[in-house]
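> One structure, as structure tokens, below. Some questions next.
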Amino acid sequence: MIMSLTKERVLQTLESIIDPKTGKNIVQMGYVSGLVVKDGNIGFAFDIGTDSHPADKEPLRKAAETRLKSLPGVLSATVVMTSERPPATGGHSGGKSGHARTAPAPLAGIRDVKAVIAVASGKGGVGKSTTAVNLAIALSRLGLATGLMDADIYGPSVPRLVGLHGKPEVSGKIIEPMVAHGIKTMSIGYLVDEEKAMVWRGPMVASAIAQLLGDVKWGALDVLIVDMPPGTGDAQLTMAQRVPLKGAVIVSTPQDIALIDARKGLAMFRQVDVPVFGIIENMSYFLCPSCGERSDIFGHGGARETARTLNADFLGEVPLHMTIRETSDAGTPITASAPDSPQAKVYGEIAKTVARLLQADAPSAPLIRTE
């Protein structure tokens with residue numbers, strides 16, 4: 001008889017993995033954090049603490065992932081190493097409750113932020129950052145006090161997209177956000193040279209994101225939009241674990257390869273119990289500026305169909321348009337520089353839908369936009 005896939009079953013399996021340095025299993029050591037078991041998918045943070053070296057613990061992380069994938073009924077197992085726990089000061093509780101640890105204290109910077117929304121994509125190059133910036137400005141134009149945080153540590157693009165340069169004011173550990181187009185913004189790009197490569201391991205990225213959230217003086221905001229890096233790695237897991245996300249918005253293009261990755265992104269947020277507000281199809285179609293003829297360069301309707309099959313909202317179609325690209329490159333997003341243009345109105349309609357979802361305790365029943 002095949003045992004059902006439960007948290008207890010997963011923890012029993014993980015208890016068989018012994019840390020040779022301590023002689024204790026990884027559950028007893030408190031390495032298993034934020035365990036989620038849902039629909040055959042397993043995910044958790046392998047939290048080694050700040051007093052351990054990642055290279056020493058990587059064999060244990062890999063062993064946990066391999067052993068879980070061998071369990072009957074497992075479709076995926078994602079184990080991401082983090083180092084957020086403070087050094088141990090005494091004995092650690094063992095047994096099956098070892099995966100549960102005290103929730104981190106609320107990040108100071110976002111205590112007065114009513115809602116945090118992650119704008120994510122399964123892969124790069126789909127226009128996620130452009131979408132995040134224009135969505136934030138469109139929400140601000142609806143009267144919401146809005147902030148925008150760039151969580152893409154390796155490839156920050158918000159400074160260029162909003163046209164800001166220079167460094168923010170810093171007082172002690174408190175960082176003042178930089179304001180552009182009516183929204184408060186923050187990015188690692190303000191703090192380091194544009195040409196500098198951020199050669200950081202995952203735990204350092206997680207720490208940087210926590211600082212951008214917790215040390216920035218965001219103040220009272222109705223909504224904070226977080227421009228996530230592409231993929232489903234450390235940054236996403238850090239956000240899900242450290243921040244009470246109100247929801248996530250997935251950005252994709254109509255191409256099949258992009259939609260495959262978009263499905264992974266949507267599944268990841270659902271796996272960690274973050275509501276998905278819906279999917280936006282970016283670069284949905286091209287309108288010839290001379291003749292007005294429409295061309296579906298990357299195909300069309302894939303994101304709408306993906307939303308339908310995954311029981312998610314379809315938030316809208318953003319066209320591939322020269323003006324969006326030009327205004328983004330110039331640091332004057334189209335929702336700010338040409339708010340009455342047809343392209344800006346598309347973002348405006350998406351913002352209205354997101355604003356309605358913010359008023360609810362949870363996302364509404366799936367909505368497929370037809371206009």
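The values are calculated or read from the model by the stated rules, or taken from the named source; none is laboratory data. Quick caveat: nothing in here was measured; it's all calculated off a predicted structure. Note that each Cβ is placed from the backbone with ideal geometry, even for glycine, and that neighbours are counted across all protein chains shown. Calculation scope for accessible area: heavy atoms of the full protein, side chains included, ligands and nucleic acids excluded. Shrake-Rupley method; radii C 1.70, N 1.55, O 1.52, S 1.80 Å.
> Name the residue, out of 30, 43, 49, that is crowded, with 20+ Cβ neighbours inside 10 Å and on the phi > 0 side of the Ramachandran plot.
Working: 43 fails: on the phi > 0 side of the Ramachandran plot; 49 fails: crowded, with 20+ Cβ neighbours inside 10 Å.
Exactly one of 30, 43, 49 is crowded, with 20+ Cβ neighbours inside 10 Å and on the phi > 0 side of the Ramachandran plot, namely 30.
> Quick one: in the stretch 313-323, which of the residues that are of a type outside the set (Gly, Ala, Ser) and crowded, with 17+ Cβ neighbours inside 10 Å is farthest from residue 274 (Cα to Cα)?
The initial filter retains those residues of the stretch 313-323 that are of a type outside the set (Gly, Ala, Ser), namely 313-315, 317-323.
Those left that are additionally crowded, with 17+ Cβ neighbours inside 10 Å: 313-315, 317-321.
Working: 313: 14, 314: 17, 315: 17, 317: 23, 318: 24, 319: 28, 320: 29, 321: 32 Å.
Among them, the one singled out is 321.
> Also, quick follow-up: Looking for whichever is modelled with pLDDT of 85 or more and open to solvent by 20 Å² or more (accessible area, probe 1.4 Å) here; the options are 155, 172, 189. Which one fits? Full working, then the answer.
Working: 155 fails: modelled with pLDDT of 85 or more; 172 fails: modelled with pLDDT of 85 or more.
Among 155, 172, 189, only 189 is modelled with pLDDT of 85 or more and open to solvent by 20 Å² or more (accessible area, probe 1.4 Å).
> Turning to a different aspect of this structure: Condition first: touching a Phe, Trp or Tyr at 6+ places or on another chain (Cβ under 9 Å), more than 19 Å from residue 346 (Cβ to Cβ) and among the hydrophobic types (A, V, I, L, M, F, W, C). Now tell me which residues in the stretch 120-163 satisfy that.
Keep residues of the stretch 120-163 that are touching a Phe, Trp or Tyr at 6+ places or on another chain (Cβ under 9 Å), which gives 120, 131, 134-135, 137-138, 147, 149-150, 153-154, 156, 158-159.
From what's left, more than 19 Å from residue 346 (Cβ to Cβ): 120, 147, 149-150, 153-154, 156, 158-159.
The answer is 120, 149, 153, 158.
> Which condition number does residue 101 fail, the rest of (1) modelled with pLDDT of 85 or more; (2) charged (D, E, K, R); (3) farther than 23 Å from residue 327 by Cα being met?
Answer for residue 101: the failing condition is (1).
> With respect to the numbered conditions (1) part of a helix (DSSP H, G or I); (2) buried (at least 19 other Cβ atoms within 10 Å of the Cβ), which one is the sole condition not fulfilled by residue 160?
With respect to (1) part of a helix (DSSP H, G or I); (2) buried (at least 19 other Cβ atoms within 10 Å of the Cβ), residue 160 is out only on (2).
Let's see how each residue does on (1) of a type in the set (D, E, K, R); (2) part of a loop (DSSP other than H, G, I, E, B); (3) open to solvent by less than 60 Å² (accessible area, probe 1.4 Å); (4) under 26 Å from residue 158 (Cα atoms):
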site: 303; (1), (2), (3), (4): no, no, yes, yes
site: 311; (1), (2), (3), (4): no, yes, no, no
site: 325; (1), (2), (3), (4): yes, no, no, yes
site: 332; (1), (2), (3), (4): no, yes, yes, yes
site: 340; (1), (2), (3), (4): yes, yes, no, yes
site: 343; (1), (2), (3), (4): no, no, yes, yes
site: 347; (1), (2), (3), (4): no, no, yes, yes
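> Which of the residues belonging to the stretch 141-152 are at negative phi and open to solvent by 30 Å² or more (accessible area, probe 1.4 Å)? Please lay out each step first, then the result.
Residues of the stretch 141-152 that are at negative phi, as a first pass: 141-142, 144-152.
Residues satisfying the conditions are 141, 142, 144, 145.
> Anything in the stretch 128-157 that is farther than 22 Å from residue 205 by Cα and not in a helix (DSSP H, G or I)? List them, or say none.
Within the stretch 128-157, 142, 143, 144, 145, 146 qualify.
> Given the conditions (1) outside any loop (DSSP other than H, G, I, E, B); (2) at pLDDT 75 or above; (3) more than 27 Å from residue 112 (Cα to Cα); (4) touching a Ser or Thr at 6+ places or on another chain (Cβ under 8 Å), which single one is not true for residue 278?
Answer for residue 278: the failing condition is (3).
> Here is a follow-up. Take the residues in the stretch 65-82 that are in contact with an Asp or Glu (Cβ under 9 Å, 6 or more places away or on another chain) and within 13 Å of residue 37 (Cα to Cα); name whichever of them is most open to solvent (accessible area, probe 1.4 Å). Before the answer, list the steps.
Step one: list which residues in the stretch 65-82 are in contact with an Asp or Glu (Cβ under 9 Å, 6 or more places away or on another chain), which gives 75, 77-82.
Applying the additional criterion that residues be within 13 Å of residue 37 (Cα to Cα) yields 75, 77-79.
Values: 75: 135, 77: 8, 78: 59, 79: 7 Å².
So, considering only residues that are in contact with an Asp or Glu (Cβ under 9 Å, 6 or more places away or on another chain) and within 13 Å of residue 37 (Cα to Cα), the one most open to solvent (accessible area, probe 1.4 Å) is 75.
Let's see how each residue does on (1) part of a helix (DSSP H, G or I); (2) at pLDDT below 85; (3) closer than 26 Å to residue 126 by Cα:
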{"site": "185", "(1), (2), (3)": "no, no, yes"}
{"site": "198", "(1), (2), (3)": "no, yes, yes"}
{"site": "218", "(1), (2), (3)": "no, no, no"}
{"site": "230", "(1), (2), (3)": "no, yes, yes"}
{"site": "238", "(1), (2), (3)": "yes, yes, yes"}
{"site": "248", "(1), (2), (3)": "no, no, yes"}
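> Every residue in the stretch 59-96 that is closer than 18 Å to residue 23 by Cβ and modelled with pLDDT under 80, please.
Result: 88, 90, 91, 92, 93, 94, 95.
> A further question on this structure: Among the residues of the stretch 52-64, count how many are surrounded by fewer than 17 Cβ atoms within 10 Å (Cβ to Cβ) and either aliphatic (A, V, I, L, M) or in contact (Cβ under 8 Å) with a residue 40 or more places away in the chain (or both).
Of the residues in that region, 3 qualify.
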